[in-house]
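Asker: Mind looking over this structure? Questions follow.
We did not get these values from a lab; they are worked out from the coordinates using the rules stated. It should be emphasised that the depicted structure is a prediction, and the values quoted were computed from it without experimental measurement. Cβ: placed from backbone, ideal geometry, glycine included. Neighbour counts: every protein chain shown.
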Amino acid sequence: MATEDKLLHSFLAAGDEAGHENSAERKRRTAERARVPVPLSHQVAGHKFGIHKVGILQHFDGTVLKQLQPPPRGPCEMQFYTQVFAQDCTASHLLALQQHLPKYYGTWSPSDKPNELYLKLEDVAGRFARPCIMDVKIGKKSYDPFASQEKQEEQIRKYPLMEEIGFLILGMRVYHVASGSYVSHDQFYGRSLTKETLKTGLAQFFHNGEELRKDAISLSIHKIHNILHWFESQKQLHFYASSLLFVYEGFCHIANSKNKNKGLTGQKSKQAEPQTKGNADLTSLKLKSHCGQVNCSSSSSSSSSSSSLFKAIHSVRRVNGFGSHCPHHQDIGNTPYMENNVEVKMIDFAHVFPSDRSDDGYIYGLKSLLFVLEQIIQD
Ligand SMILES: Nc1ncnc2c1ncn2[C@@H]1O[C@H](COP(=O)(O)OP(=O)(O)OP(=O)(O)O)[C@@H](O)[C@H]1O
Ligand SMILES: [Mg+2]
């Protein structure tokens, strides 16, 4: 039985046990039990429930739960998050890193299995109505310095171009506006990409079936530059087999492109309403209220300035009024729409090690990724 089914099954079975209770109490307990974490619906890569023994869960409070991998990987990741988000943390490089990670809310365990440990993390895609998500592994090496010969060979065999390209798409899902559905690619898609097909392969993430989302590419480039700036300013940590998680809003652009097509810019489009219950209802209301602003912003950053990356980023900065290394905005209500429209966060820290040199492998990967994104935007 798939894990998802097991969770549902145990929930239903537990409901039977409560048969002796009065109806109100039964309803309350049933509602309580319904709040069991479920497999993360928008996971694009990594260990998944139903396929592997462990996977990423979605807590009813909107956070995600990542079960600790067996040692040393799980404890390594937990220690990393604990250090970066420690309340008494004073290390400037760790404080500066916080803005590039999902927020960490400590550990979580199921009440009936107190020994099962999960990391409780911000859902990076949680505030998006139609999140387009991509997981990209960064670095020249997918294995750490302590990996066995066998592990090294296995990782190299999986993607021999890693050393040269410096990044690997592990999975993605893209919202296609015409069909109103998601198009997904798994790890084998990324592994099939060569130097010749890499640009087209990566561009698929930013293509919604109707047009290339140059606004999302520009903002992603801007956020990667901020992460690169952090890596160039620190020598204490090295990251192996770690990823960047990209998210951009696929929903609001429906209004944008439909309005553009119909010459209705500035008016509310009925087709912009969510067709199904969104990922974040509250957020989508806020998104809708900002749609007019998006129409102006995205067209100004993608028309005349699209041939120049510098101009594109400059234009995005001008529209948003933020600098190159702005602090992370916590409050969506106060965040400029465009910046809020895209997220790039570092995830997966099972192989983080102390060091006394800059992390040249990761920096190489970031620069390579930036180069390809700049090529896409310039085409
Ligand atoms: N904080 C998060 N917010 C939203 N989605 C997330 C978050 N963390 C992970 N995910 C989703 O889960 C996937 C896998 O995450 P992650 O890389 O951390 O786990 P993993 O690869 O299974 O773990 P490991 O490599 O430690 O075995 C990501 O590609 C992403 O889709
Ligand atoms: Mg991963």
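Asker: For the pairs K158/K199; K195/K367; K66/K235; K48/K195, flag any whose C-alpha to C-alpha distance is greater than 22 Å.
Answerer: K66/K235; K48/K195
Asker: If r is the Cβ-Cβ distance from R73 to T200 and R0 is 22 Å, what FRET efficiency results, to the nearest 0.05? Intermediate results must be reported in sequence, preceding the final value.
Answerer: On the way: r = 34 Å, r/R0 = 1.52.
Rounded to the nearest 0.05, the efficiency is 0.05.
Asker: So for each of 182-191, 364-373, 163-172 I average, over its residues, the number of other beta carbons within 10 Å; can you give me the resulting order with the highest mean first?
Answerer: Working: 182-191: 15.9, 364-373: 18.7, 163-172: 20.9.
Put in order of decreasing packing, that is 163-172, 364-373, 182-191.
Asker: Can you list the HN-Hα couplings for segment 168-176, worked out from phi with the Karplus curve (6.51, -1.76, 1.60; θ = phi - 60°), rounded to whole Hz and with x for Gly and Pro?
Answerer: Per residue, the Karplus-derived 3J(HN,Hα) values read 8, 6, 8, x, 7, 9, 10, 7, 9 Hz.
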